[in-house]
């Protein structure tokens, strides 16, 4: 089994936000109550305003980044129980950081919830598993 196409589309929209910093691509992606775990402070974004705080934090984190591009691997560990779904998504990022080309490999663990008859991101965690710079 694989995640539903709308779930993969939502993950792609989060990645597109990171590439473009366009808040519009996030419209309707996240559930009402969200928890995001990231590799930049404060690392946990939860509760009221979590998505806005995460987006602002990412903008700060992304200062000095350019040409950011993602590539997803095949989704792993897909499971659905009632109105919750889970999967992991291997991801590769490339771009330039302060003038140096970089490569970052990692994975997202996504939890989706069915809300208003559609799947929304309830939370995700990001983990870097390999990096390199030129």
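Kindly express, to the nearest 10 degrees and within the range 0 to 90, the angle between helix 5-20's C-alpha long axis and the longest C-alpha principal axis of the chain.
30 degrees
Contact order normalised by length for the chain, with contacts defined as Cα pairs under 8 Å and 6 or more residues apart; what percent is it? Can you show the working numbers first?
Details: 253 pairs, mean separation 30.9, N = 134.
Dividing the mean separation by the residue count of the chain yields 23 percent.
Of 92, 20, 35, which is the most mobile in a GNM of the chain whose springs link Cα atoms less than 10 angstrom apart?
20
Run the Debye formula on the Cα coordinates of the chain, all scatterers equal and no solvent, and tell me log10 I(q)/I(0) at q = 0.10, 0.17 1/Å.
Results for the chain at q = 0.10, 0.17 Å⁻¹ read -0.31, -0.92.
For the Cα atoms of the chain, what angle does the longest principal axis make with the long axis of helix 50-61, in degrees from 0 to 90, nearest 10?
10 degrees
Using just the helices of the chain, give the 222 nm mean residue ellipticity in deg cm²/dmol: DSSP H runs with n ≥ 4 each add -39,500 (n - 2.57), and the total is spread over all residues, rounded to 500. If you can, show how the numbers build up before the last one.
Details: 2 runs with 28 residues, N = 134.
Only helices count here, giving -6500 deg cm²/dmol.
In whole Å, how far is the Cα centre of the stretch 1-34 from that of the stretch 86-103?
17 Å
Based on alpha-carbon atoms only, what is the radius of gyration of the stretch 39-103 relative to the globular estimate 2.2 N^0.38 Å?
On the way: Rg = 15.3 Å, N = 65, 2.2 N^0.38 = 10.7 Å.
Taking the Cα Rg and dividing by 2.2 N^0.38 Å, one obtains 1.42.
Over the Cα atoms of the stretch 75-134, Rg to Rh with Kirkwood Rh, two decimal places?
1.16
Most fluctuating residue of 31, 109, 79 in a GNM of the chain with Cα springs under 10 Å: which is it?
In the Gaussian network model the winner is 79.
Bear in mind these aren't lab numbers, they're just calculated from the coordinates by the rules spelled out. Since this is a predicted model, take the numbers as computed values, not measurements.
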